[in-house]
Amino acid sequence: MGAALLLGAMAMPPQAIALNTPSESSPAFAAEFGAARPPVGFVRFCAENPKDCKDRNSRAKRIAMDPDRWNLLYQVNTYVNGKITPVSDMELYGEAERWTYPVDAGDCEDYLLLKKKYLQGLGFPQEALLITVVLDEQSQGHAVLTVVTDKGEFILDNRRNDIMRWKDTHYSFLKRQSQTNPRQWVALVKEKTIATGAVASNSTH
């Protein structure tokens, strides 16, 4: 992995260790409400990268976290956020929704795909690394990576280096990958609005 040497040289951040203490005001895990439609960009990504969306008969899993794993999460999040320049799909590809592994530029989905790839290379199971669609504080579509741990669910976001508990992000969580099948998605709200197949257009998120 290209980031391996850099990750090994980085110091333990205090933010990562602090996440061992749960937030008393926030539920640790998001509720799920049945099946949801995958984003159109994700469907195309899986068609082009079938090995990265292969169903391995997975079971729901929570990563047992320790200081070393917190450190790796923080390092990967910080490394990818610094490596990739935010650019919209329209600017890069001339289309509204294109999910791919970025080289030096991309939007929110591209950031999280690269983070997920790096973390799986470091031994994190795919069942605990879930692509997630949210609405941000301006009610704009955004995508983040949810990490399911024994201490709750945490978010890796291209908008910040700190890793936050999901409920402390102030995002509205709409849907995400199923833990048992990476091609299937589950709703995180009861409203029918989560049926939309897009994340956002003309935005770097």
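Read-outs: derived from the displayed coordinates by stated rules, not from any lab. Nothing here was measured: the structure is a model prediction, and the numbers come from that model. Positions of Cβ are generated from backbone atoms using ideal geometry, with glycine treated the same way; all protein chains shown enter the neighbour counts.
Data table
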read-out	value
2 or more residues in contact with a Phe, Trp or Tyr (Cβ under 8 Å, 6 or more places away or on another chain): qualifying helices (runs of 4 or more DSSP H) within region 42-121	67-83, 108-121
Of all residues making up region 113-130, the number that are without any contact (Cβ under 8 Å) to a residue 24 or more places away in the chain and among the small types (Gly, Ala, Ser)	1
Residues of region 124-145 that turn out to be closer than 17 Å to VAL80 by Cβ and either part of a loop (DSSP other than H, G, I, E, B) or among the aromatic types (Phe, Trp, Tyr) (or both), as a count	1
Residue identified as crowded, with 16+ Cβ neighbours inside 10 Å, among the charged types (D, E, K, R) and more than 16 Å from the chain's Cα centre (by Cα) among GLU97, GLU91, GLU153, GLU127	GLU97
Qualifying positions in region 49-88 - hydroxyl-bearing (Ser, Thr, Tyr) and either surrounded by fewer than 18 Cβ atoms within 10 Å (Cβ to Cβ) or farther than 24 Å from PRO39 by Cβ (or both)	SER58, TYR74, THR78, TYR79, THR85
Hey, THR149 touching a residue at least 12 places away in the same chain (Cβ under 8 Å) and over 28 Å from ASP55 (Cβ atoms) or not	no
